[in-house]
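Notes for the one structure printed next.
The values are calculated or read from the model by the stated rules, or taken from the named source; none is laboratory data. Computed from a prediction, not measured in an experiment: that's the story for all the values here. Virtual Cβ from ideal backbone geometry, glycine too; neighbours counted across all protein chains shown. Just so you know, the surface numbers come from the protein's heavy atoms only, side chains and all, with ligands and any DNA or RNA stripped out. Shrake-Rupley method; radii C 1.70, N 1.55, O 1.52, S 1.80 Å.
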Amino acid sequence: ILPHQRTYKERALKQVNPAAILLLETMERKKSNLAVSVDVTKTKDFLAIIDVVGPFVCLIKTHIDILEDFDLNVIHQLQDLSKKHDFVIFEDRKFADIGNTVALQYSSGVHKIASWSHITNAHPVPGPSVITGLSSAGLPLGRGLLLLAEMSTKGTLTTGVYTEEAVRMARARRDFVIGFIAQHRMEGVGLAPGEKADEDEDFLILTPGVGLEAKGDSMGQQYRTPKEVILDSGCDVMIVGRGIYGTDPSLTDTIAARAKKYMEEGWEAYCQRVLC
Ligand code: BMP
């Protein structure tokens, strides 16, 4: 039985990293595998969208450096909303430098990401040292890391040996690496012939590039449906941005209705997958 054939609740019991446990338990509690990516430039819109989609999500994904009027007060309000609506926070920072630099970028600067984001992510391109650097700041705080094993964009270089090496790097650091940003499951990827993965291995797959209406955008993004992502590809969390918040943040009823629809489709696909 593969990890994604088990329930989120069962899988939470076997995890060691606190952020992985928190995410799986939140998904089970809220019956949601929907994450909303809130990529807007004004704090007012950012917080308003999160308050509207909050009841429907297991996780809110941020690009905190997009906010034009950022100050640490935004973080306090984000944390209040996370408590009010019971969701996990994931800053999509995509670290990609030497260990010493990423440790500083993660813990310090204007945004102090490690202090508030349960989960963050990194490109595997620097090699294992990126995990060493980030874990020095994140592990003492109970944080978790996702490696970008695959991307959703046309022409991405994250294929073949690159993806395999990403999975090998994660296997060596299961205390901190909780899974991948990817388009598929990673069981069996990167194993030598005859090599078997540890039977407790259970990486979470968080998948962007999800949309019910559009197939992509004019800048190389590619979308699949919740059913394709959760049922056909066995991914765990679907990440939706513009498909939910659209172009007008003031349309709160429409945004809430879209979030509810994605949440229901994602959960239905999960139920079919685990036959619950
Ligand atoms: P949207 O659904 O509006 O296309 O947004 C997708 C979000 O997921 C963006 O925040 C983007 O940075 C992120 N993302 C992605 O689209 N593809 C990837 O491979 C990795 C990402 O982090």
Q | Qualifying positions in segment 135-157 - in contact with a Leu (Cβ under 9 Å, 6 or more places away or on another chain) and within 16 Å of the ligand (Cβ to nearest atom) | A | Gly144, Leu145, Leu146, Met151
Q. Quick one: in segment 138-165, which of the residues that are among the charged types (D, E, K, R), outside any helix (DSSP H, G or I) and farther than 19 Å from Lys112 by Cβ is nearest to the chain's Cα centre (by Cα)?
A. Glu150
Q) Among the residues of segment 262-274, is any under 25 Å from Lys44 (Cα atoms), modelled with pLDDT of 95 or more and in contact with a helix residue (DSSP H, G or I) (Cβ under 9 Å, 6 or more places away or on another chain)? A) yes
Q: Pick out the one residue from Ile66, Ile60 that is within 16 Å of the ligand (Cβ to nearest atom) and open to solvent by 40 Å² or more (accessible area, probe 1.4 Å).
A: Ile66
Q. Do we find a residue being without any contact (Cβ under 8 Å) to a residue 40 or more places away in the chain, part of a loop (DSSP other than H, G, I, E, B) and surrounded by 15 or more Cβ atoms within 10 Å (Cβ to Cβ) anywhere in segment 3-21?
A. no
(Q) I need the full set of residues from segment 216-254 which are part of a helix (DSSP H, G or I) and either away from the ligand (no atom under 13 Å from the Cβ) or of a type in the set (D, E, K, R) (or both), in order please. (A) Lys227, Glu228, Ile230, Leu231, Asp232, Arg242, Thr252, Asp253, Thr254
Q.
For segment 88-132, give me each residue that is open to solvent by 10 Å² or more (accessible area, probe 1.4 Å), hydrophobic (A, V, I, L, M, F, W, C) and within 16 Å of the ligand (Cβ to nearest atom).
A. Ala96, Val125
Q: State yes or no: is Ile89 β-branched (Val, Ile, Thr), in a helix (DSSP H, G or I) and under 20 Å from the mean Cα position of the chain (by Cα)?
A: no
Q) Going by the structure shown, is Arg168 away from the ligand (no atom under 16 Å from the Cβ) and under 14 Å from the mean Cα position of the chain (by Cα)? A) no
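Consider Lys83 carefully, then state whether it is away from the ligand (no atom under 16 Å from the Cβ), in contact (Cβ under 8 Å) with a residue 12 or more places away in the chain and surrounded by fewer than 23 Cβ atoms within 10 Å (Cβ to Cβ).
Criteria not met by Lys83.
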Q: Would you check if Gly144 is open to solvent by less than 10 Å² (accessible area, probe 1.4 Å) and either at positive phi or without any contact (Cβ under 8 Å) to a residue 12 or more places away in the chain (or both)?
A: no
Q. Pairs, please: C-beta under 7 Å, at least 6 apart or cross-chain, first residue in contact (Cβ under 8 Å) with a residue 24 or more places away in the chain and in segment 43-64, second of a type in the set (Asp, Glu) and away from the ligand (no atom under 14 Å from the Cβ)?
A. Thr43/Asp69
Q: Being near the ligand (Cβ under 9 Å from one of its atoms) and open to solvent by 10 Å² or more (accessible area, probe 1.4 Å) is the filter here, so list the residues in segment 182-215 that pass it.
A: Gln183, Pro208, Ala214
